[in-house]
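One structure is given here, and the rest of the page talks about it.
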Amino acid sequence: MKRYSVTSKRPTHLLGKIMAVVFFVCFSLQGIAQNNTHKKVLLNCNVIDCTGAKLQKNMTLVLEGNKIVEIKKGPYTGDTNEENVTVIDVENGYVVPGLWNMHTHLSALLPDPKHIEENESLASASIRAGLNAMDGLRHGFTSVRSVGERDYLDVAWRDAFDQGFFMGPRIFASGNFVSPTAGHRGYVEHGADGVAEIRKLVRQRVQKGVDLIKIFSVEMLQDELEAAIQTAHSLGRHVTTHTREPDIYRAVKAGIDCIEHGYGITDETIALMAEKGTFYDPTIICNLSDAYIKERENRLKTLGYANDKEISYYRTLINYADERSQEHALYQRQALKKAVDAGVKVVLGSDSMPIGEIGILEMEQFVLSGVSEMNTLIAATRNCADLLGVLDKLGTVEEGKLADLLIVAKNPLDNISNIREVKMVFKDGVSVNLDQPQGTASYWDYFSTSNLKKGFLKEAENAAGFQRGKAKQD
Ligand SMILES: [Zn+2]
């Protein structure tokens, strides 16, 4: 059946257009007619719409096809006996917009203690990317932004989900980075150098179907930076950059749309970002000190979210692989709070995998950084749709928007970790099966922890080859 896609302006060849029309006429009309009139009535909802409005209790939501058509106080007054109406009692669950994870690398393993990524085939990486995305959806992430991915895997999975081959989140894809040679502290072997090459690479990415451009701006010369931004904007794509000061200020001045990480971001830059409407994706999860990691895990233990030893071990390992000095961690934590207070539009991104669990951890780190629960939810929903230019369709719970919803059992405004109590997820009006797929393998076990359970930290350090407290990925 036709899936509504909110990503726009993808290149479509004439033949593709003709085929799409033929397919639509032959196979889709009946399905669309059914889908668009089928109603789901959600009773007894507590709605946190993420527009900035307060919690609304005792609400009824009506979904029709893939849209939210009605939100009103009290019980449903329509006819529930009609054949095309499904009534779902949400039992005072809390309805929030589907979450977004804005900094993902779907196939990546950060860290990779088993050295799986070395010489890994495209096919193998592709399977992990899809698993990761689908797992994220079951955690409530109905949309993800990919900011650096090999071989356009993100574009392929986006299309597979949009076409309905699998049930996955909406993906906004960047393809691989745009960077000069030796960009990202020497990491990029063969980059694009000079204005002409940068323009060409941006255009090639767009030709391959990306929705945005991710750059490494630190090593770019001024003309290269401006060329990347100008070319992407001319093709209707936003540009985001992995950067640190003093480059953050320069990139913001040059008209970048979003900053990733923002190491050492200054008060002056924060003020400029607020003024210019530049988005900030702080990935606070990869800026934690030993003390902050312990603080986080102790908190989760108290709340009863550390019972799955495998997950606790691995998420801790992920954080230690990126462990910072206390000074650095404190600085980034305070910068996040300052940015939110200054009115910078902050978004939520995990960087590390898997995107579901680590995305939730990032929300928890926002609150530990002093950001309110409401602003954390808005950073994970409304602001993200705003950056992608789809706020008219997604990002809040409002009449007329697409029905991407997360329903949790307890109030996330009381405690952000209540976002873990997933009752239901809707993507495009369809209820997501929250059970694990029939496969029995554990993502955590297979990709990371099997031999790390005893004395895991020491072994993990050796395996991943990292030095405690000296992460240098800025
Ligand atoms: Zn990243």
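A short reminder: the numbers here are calculations on the coordinates, not readings from a lab. In this text, all values refer to a predicted model and were calculated from it rather than measured experimentally. All Cβ positions, even for glycine, are placed from backbone atoms using ideal geometry, and neighbour counts span all protein chains on display.
What net charge is computed for the residues neighbouring D351, neighbours being all others with C-beta under 10 Å from the C-beta of D351, Lys and Arg scored +1, Asp and Glu -1?
Local charge sum for D351: -4.
Residue-wise, which Karplus ³J(HN,Hα) couplings in Hz belong to segment 127-141, taking 6.51 cos²θ - 1.76 cosθ + 1.60, θ = phi - 60°, and x for glycine or proline?
Computed from phi, the couplings for segment 127-141 are 5, 5, 4, x, 4, 4, 5, 5, 5, x, 4, 5, 7, x, 7 Hz.
Within 10 Å, count the other beta carbons around each residue, average over each peptide in 190-200, 334-344, 94-104, 134-144, and list them highest first.
Packing order, densest peptide first, comes out as 94-104, 134-144, 334-344, 190-200.
How large is the charge dipole for segment 60-171, taken about the Cα centre, if only the Cβ atoms of Lys, Arg (+1) and Asp, Glu (-1) carry charge, to the nearest 20 debye?
Using only the charged Cβ atoms, the result is roughly 300 debye.
Between segment 400-420 and segment 140-163, what's the alpha-carbon centroid distance in Å?
When both Cα centres are located, 23 Å separates them.
Taking the Cα centre of each part, how many Å lie between segment 297-361 and segment 175-226?
Rounded to whole Å, the Cα centres lie 29 Å apart.
Just flag the chymotrypsin sites (Phe, Trp or Tyr not before Pro) in segment 279-360 sitting in loop per DSSP whose Cβ has no more than 14 other Cβ atoms within 10 Å.
Answer by residue number: there is no such site.
Given the pairs K40/K427; K401/K427; K345/K427; K40/K72, which are separated by over 19 angstrom at their Cα positions?
K345/K427
Could you tell me which of rounded, prolate or oblate describes segment 111-217, using a ≥ b ≥ c as the square roots of the eigenvalues of the alpha-carbon gyration tensor, with rounded for a/c under 1.5 and, failing that, prolate when a/b is larger than b/c and oblate otherwise?
Because a/c hits 1.5 or more and a/b fails to exceed b/c, segment 111-217 counts as oblate.
Shape of segment 160-250 from its Cα gyration tensor (a ≥ b ≥ c, root eigenvalues): rounded if a/c is under 1.5, otherwise prolate when a/b > b/c, or oblate?
Prolate, since a/c reaches 1.5 and a/b exceeds b/c.
Please work out whether segment 265-424 counts as rounded, prolate or oblate from its C-alpha gyration tensor, where a ≥ b ≥ c are the square roots of the eigenvalues and a/c under 1.5 means rounded, while otherwise a/b larger than b/c means prolate and anything else oblate?
Here segment 265-424 falls in the oblate category.
Excluding S121 itself, what net charge comes from residues whose Cβ is under 12 Å from its Cβ, given Lys and Arg +1 and Asp and Glu -1?
Charge balance near S121 sits at -2.
For E295, what charge total do you get from the other residues with a beta carbon under 12 Å from its beta carbon, if Lys and Arg give +1 and Asp and Glu give -1?
+2
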